[in-house]
Amino acid sequence: MATTDTDLAELRLPHGYLPQFATVEEERRHRQERLAASFRLFGRFGFDEGVAGHITARDPEHLDHFWVNPFGMNFKHIRVSDLVRVDATGQVVEGDYGVNAAAFAIHSQVHAARPDVIAAAHSHSLHGKAWSTLGRLLDPLTQDACAFYEDHAVFDDYTGVVLDLEEGKRIAHALGEGKAAILRNHGLLTVGHSVDEAVWWFITMERSCQAQLLAEAAGTPVLISPDAARLTASQVGSHVAGWFSFSPLYDAIVREQPDLLE
Ligand SMILES: [Zn+2]
């Protein structure tokens, strides 16, 4: 979705959209702080399921490397200093922990196929995985769900834990140019031009799955018309809207758990 000048003016952002950095080190640190905070938020929302789930952030200098969570560490404990950098072959080149093979298989292929994508998020959150079993796209049932209208896909070929790069490639192909994919019988995958945006799409997509499950269990929901859904998507589904929606969550988790910045 295009980011328009009007969007930015209306937001009155104190520091502007996507802050600029004097050095690559500052930009890396910014992404790492967003990433560590995102894991704390995933932990808070209950998006963890054992050792499953990963969020990645592209390194601003080594563009085919990404930062990811240490395999097996509780999302609620992750600090900036715990994050791991992985190169294009899956080798850990920075950090003291290992990396989930499925995280590399999926995220390396998504980052490779989509140079515009700075971050990608995936977990086995309850409503996302429940919805995924239906093999259906989300309908435009609510204003929030319209963020995904004509901008997400279903990957309908579950064959086991994703460990090989070919399957990661097929997931990236299904994602296409969209912001999210529903991995059938598995869970949700979202991407963004910032960590903030990718993680916000994940949170609001999980809740949109919950809302549609609740609504369809209760009756026959009324859909938003295609024209209204398209307009709403341009309002709540832009890159800047996704990025901005994450800010209150980031501010809250950093104030409550400042050790995440260590
Ligand atoms: Zn998974």
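If you go through the range 30-74 and pick out every residue that is among the aliphatic types (A, V, I, L, M) and touching a Ser or Thr at 6+ places or on another chain (Cβ under 7 Å), you end up with 3.
One line per residue, one yes/no per condition, for (1) out of contact with any Cys (no Cβ under 9 Å at 6 or more places or on another chain); (2) within 14 Å of HIS186 (Cβ to Cβ); (3) within 16 Å of the ligand (Cβ to nearest atom):
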site: GLN109; (1), (2), (3): yes, no, yes
site: ARG114; (1), (2), (3): yes, no, no
site: SER125; (1), (2), (3): no, yes, yes
site: THR133; (1), (2), (3): yes, yes, yes
site: LEU138; (1), (2), (3): no, no, no
site: GLN143; (1), (2), (3): yes, no, no
site: TYR149; (1), (2), (3): yes, no, no
site: ALA153; (1), (2), (3): yes, yes, no
site: ASP156; (1), (2), (3): yes, yes, yes
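Just one of the numbered conditions (1) surrounded by 14 or more Cβ atoms within 10 Å (Cβ to Cβ); (2) of a type outside the set (D, E, K, R); (3) touching a strand residue (DSSP E or B) at 6+ places or on another chain (Cβ under 8 Å) is not true of VAL93: (1).
The residues of the range 129-169 that are more than 18 Å from the chain's Cα centre (by Cα) and within 22 Å of ASN100 (Cα to Cα), listed by number, are ASP157, TYR158, THR159, GLY160, VAL161, LEU163, ASP164, LEU165, GLU166, GLU167.
In the range 108-124, the count of residues that are on the phi > 0 side of the Ramachandran plot and not charged (D, E, K, R) is zero.
Name the single residue that is surrounded by the most Cβ atoms within 10 Å (Cβ to Cβ) among those in the range 64-79 being under 18 Å from the mean Cα position of the chain (by Cα) and among the aliphatic types (A, V, I, L, M). It comes out as VAL68. Out of curiosity, is ALA215 of a type in the set (A, V, I, L, M, F, W, C), in contact (Cβ under 8 Å) with a residue 60 or more places away in the chain and farther than 22 Å from PRO19 by Cα? Answer is yes for this residue.
List the strands (runs of 3 or more DSSP E) that sit entirely inside the range 137-216 and contain at least 1 residues that are out of contact with any Asp or Glu (no Cβ under 6 Å at 6 or more places or on another chain), aromatic (Phe, Trp, Tyr) and surrounded by 17 or more Cβ atoms within 10 Å (Cβ to Cβ). Where strands (runs of 3 or more DSSP E) fall fully within the range 137-216 and carry at least 1 residues being out of contact with any Asp or Glu (no Cβ under 6 Å at 6 or more places or on another chain), aromatic (Phe, Trp, Tyr) and surrounded by 17 or more Cβ atoms within 10 Å (Cβ to Cβ), they are 152-155.
So that you can scan it fast, the table gives a plain yes or no per residue for (1) farther than 21 Å from GLU26 by Cβ; (2) aliphatic (A, V, I, L, M):
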site	(1), (2)
THR56	no, no
PHE66	no, no
ALA88	yes, yes
ALA102	yes, yes
ASP116	yes, no
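Within the range 175-191, is even one residue within 19 Å of the chain's Cα centre (by Cα), touching a residue at least 40 places away in the same chain (Cβ under 8 Å), more than 16 Å from the ligand (Cβ to nearest atom) and farther than 21 Å from ALA113 by Cα? No, there is no match, as no residue in the range 175-191 is within 19 Å of the chain's Cα centre (by Cα), touching a residue at least 40 places away in the same chain (Cβ under 8 Å), more than 16 Å from the ligand (Cβ to nearest atom) and farther than 21 Å from ALA113 by Cα. For the range 75-89, the criterion of being within 16 Å of the ligand (Cβ to nearest atom), touching a residue at least 40 places away in the same chain (Cβ under 8 Å), at negative phi and among the small types (Gly, Ala, Ser) is satisfied by no residue at all.
Would you mind stating whether ARG85 is modelled with pLDDT of 95 or more and under 17 Å from the mean Cα position of the chain (by Cα)? Here the answer is no, as ARG85 does not meet what is asked.
Criterion first (more than 17 Å from PHE39 (Cα to Cα), at pLDDT 95 or above and assigned to a loop (DSSP other than H, G, I, E, B)) does ASP96 satisfy it? So ASP96 fails the test. Among the residues of the range 14-50, those identified as touching a helix residue (DSSP H, G or I) at 6+ places or on another chain (Cβ under 8 Å) and assigned to a loop (DSSP other than H, G, I, E, B) are GLY16, TYR17, LEU18, PRO19, PHE21, PHE45, GLY46, PHE47, ASP48.
The values are calculated or read from the model by the stated rules, or taken from the named source; none is laboratory data. What you see is a predicted model; the values in this text were computed from it and never measured. Quick reminder, even Gly has a Cβ in these numbers, built from the backbone with ideal geometry, and neighbours come from all protein chains shown.
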